[in-house]
Amino acid sequence: MQVLSAERSSPETLAESDAGQGRAMREEDLKHAQILIVDDEIVNTRLLERTLQRAGFTRIRATTDPREVLSLYRELQPDLVLLDLHMPYLDGFAVMEQLKKEVQQEAYLPFLVLTADIAPEAKEKALRVGAKDFLTKPFDVTEVLLRIMNLLETRFLYLHLENQNQILEERVRERTRNLEAAQQQLLDAEAEKKRFYREVIRAVTRDKLQLVDTDEVPTVGSPTFEVSLEDAAAYALLRNRIQEIAEGAGMNTEHASDLVLATGEAVTNAIKHGVEGRCAVYAVTDHVTVRVSDRGPGIRAESLPASVLIPGYSTAVSLGMGHTLMLQLVDRVWLATGPDGTVVQLESWVHPEAHQETVDLLERW
Ligand SMILES: Nc1ncnc2c1ncn2[C@@H]1O[C@H](COP(=O)(O)OP(=O)(O)OP(=O)(O)O)[C@@H](O)[C@H]1O
Ligand SMILES: [Mg+2]
């Protein structure tokens, strides 16, 4: 390998040091940049090397064989390449093309092209493939150093910018992670609260009120009767139809009327506190089920226990007796409520007396 001199340190630290604190880059820092010189004439590489060494540059490598540039690039990750255009095996254009593929797209690797005399077309082509500036042979020391310093300064400003972008991106990622974790904690706390409420409500109502998720409300085949609560005429029919269906199933008149009254409370809630209410009635062998659903905002988790357990609790200007009455009038209530809506399912035994024995037994126990 025709490498004429070598030294190593980290170029990135330059971008992070002074520029990182927003100060103009000091000349001294630029002198630690890694420079690669590529020229088939050893006289030129020696001359440039000496010029740079005298000016205080500490990390210079040079080669007279352009075929070595790729591996040297990989080894050194230079900050600047001084490149001759006319060379055997691989000319300067080809070298630039080769390195462009290697360099990350957004990275700024400056090529300073060394030429004896350059025709406008060649200059244009060189600029197109990545040349950033030109040095005309024979070299003028002041000009050489001036152009090199300019290009290095730009290179480090780019690196600094990239560094800042990475820091910002990392901060954004970290904030997003923190937000996601906080959100998850809130969700977990909400789920925990819900579990707790469910257990309390079940215990207090002796399993009569089942607080569940919407898909846990038991389904009961197809409805015998169904209405939209936005349709006033159909709603008027509802009371009579439930009474008829319940009595038709064998329920006594009083128990059927209780179911009608309880339905009235659930329906009023769907209309008063929700939107798009619906009511469906199902008659299944030993019980009649009424399902009232709406697409309102649901009962807020924190007011759930009070809303369903405390007689007289209301978030509206009202008596707050709806749930209390429902629990007294029917044999079981399923409630699923959330931000997408509420389902209240009321169940009454056709022959409640057949189930009374179990209740009495439980109460005695
Ligand atoms: N379908 C629903 N959607 C949203 N919130 C509801 C729904 N049903 C009940 N609520 C909430 O639960 C609370 C208690 O309901 P409940 O039926 O016991 O009393 P109320 O409707 O306020 O008064 P009342 O029924 O005596 O007129 C309501 O004040 C309301 O905040
Ligand atoms: Mg009500």
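For segment 266-345, the Kirkwood estimate of the hydrodynamic radius, built from every pair of different alpha carbons, is 13.0 Å. Here is the tail figure for segment 210-365: Cα pairs spaced more than 23 Å apart come to 35 percent of all pairs. The modelled label-to-label distance between residue 195 and residue 178, using points 7 Å beyond Cα along the C-beta direction, is 2.9 nm.
Do the sum for the chain: with -39,500 (n - 2.57) for every DSSP H run of n ≥ 4, divided by all residues, what is the mean residue ellipticity at 222 nm, to the nearest 500 deg cm²/dmol? Could you put the intermediate results ahead of the total?
On the way: 12 runs with 181 residues, N = 365.
My calculation for the chain gives -16500 deg cm²/dmol from helical runs alone.
Placing a pseudo-label 7 Å from each Cα along the Cα-to-Cβ vector at residue 164 and residue 286 gives an inter-label distance of 7.7 nm. All Cα-Cα separations within segment 60-195 were binned at 10 Å from zero, giving a P(r) of 10, 31, 24, 10, 9, 8, 5, 2, 0, each value a whole percent of the pairs. Using the alpha carbons alone, the radius of gyration of segment 130-245 stands to its Kirkwood radius in an Rg to Rh ratio of 1.58. Sparse packing (at most 13 other Cβ atoms within 10 Å of the Cβ) combined with a DSSP loop state is found for the following trypsin sites (Lys or Arg not before Pro) in segment 202-283: 206. For residue 125, give me every one of the lysines with a C-alpha distance below 23 angstrom, ignoring sequence neighbours fewer than eight places off in its own chain. Filter leaves 100, 101, 137. Under conditions of 25 °C and 0.890 mPa s, segment 235-289 yields 211 µm² s⁻¹ as its translational diffusion coefficient, taking Rh as the Kirkwood radius over Cα pairs in the Stokes-Einstein equation. Taken about its Cα centre, segment 73-153 carries a charge dipole of roughly 160 debye when the Cβ of each Lys and Arg holds +1 and the Cβ of each Asp and Glu holds -1. Among beta bridges from DSSP that stay inside the chain, the antiparallel ones total about 55%. Taking the Cα centre of segment 162-265 as origin and assigning +1 to Lys and Arg Cβ atoms and -1 to Asp and Glu Cβ atoms, the resulting dipole is close to 340 debye. Surface composition of the chain: carbon plus sulfur atoms contribute 52% of the solvent-accessible area (1.4 Å probe, protein chains only, all chains present). Scan the chain and report its longest stretch carrying no GluC sites (Glu not before Pro) that are both in a DSSP loop and have at most 16 other Cβ atoms within 10 Å. The longest uninterrupted stretch comes out as 107-229.
Here the label points at residue 134 and residue 340, each 7 Å from Cα along the C-beta direction, are separated by 6.9 nm in the simple model. Working note: Cα atoms of segment 203-254, range along each principal axis, descending, whole Å: 38, 29, 22.
Measuring with a 1.4 Å probe in the full set of protein chains, what accessible area per residue, in whole Å², belongs to the chain?
Details: 20380 Å² over 365 residues.
Here the per-residue accessible area is 56 Å².
For segment 180-289, what is the convex hull (Cα atoms) projected area averaged across all directions, in square nanometres?
On the way: hull surface 36.3 nm².
The directionally averaged projection comes out at 9.1 nm².
Placing unit charges on each Cβ (+1 for Lys and Arg, -1 for Asp and Glu) gives the chain a dipole about its Cα centre, and among 184, 303, 88 the Cα reaching farthest toward its positive end belongs to 88. Relative intensity of the chain on a log10 scale, I(q)/I(0) at q = 0.10, 0.13, 0.14 Å⁻¹, equals -0.67, -0.99, -1.08, per a Debye sum over C-alpha point scatterers of equal strength in the absence of solvent.
Using a ≥ b ≥ c from the Cα gyration tensor of segment 54-107 (square roots of the eigenvalues), is it rounded, prolate or oblate, where a/c under 1.5 gives rounded and otherwise the larger of a/b and b/c decides, a/b for prolate? Oblate. Fully extending the segment from residue 28 to residue 235, taken as 0.36 nm per residue of separation minus the present Cα-Cα distance, adds 65.8 nm. Using the beta-carbon distance between residue 268 and residue 202 and R0 = 30 Å, what value does 1/(1 + (r/R0)^6) give for FRET efficiency, to the nearest 0.05? Once the sixth-power term is evaluated, E becomes 0.75. How high is the FRET efficiency between residue 315 and residue 188 when r is their beta carbon distance and R₀ equals 35 Å, given to the nearest 0.05? E between residue 315 and residue 188, to the nearest 0.05, is 0.85.
The values are calculated or read from the model by the stated rules, or taken from the named source; none is laboratory data. All figures in this text were calculated on a predicted structure; none of them were measured in a lab. As a convention, Cβ positions derive from the backbone with ideal geometry for all residues, glycine included, and neighbour counts pool all protein chains shown. What goes into the accessible areas is simple: the full protein's heavy atoms, side chains included, and nothing from ligands, DNA or RNA. Shrake-Rupley method; radii C 1.70, N 1.55, O 1.52, S 1.80 Å.
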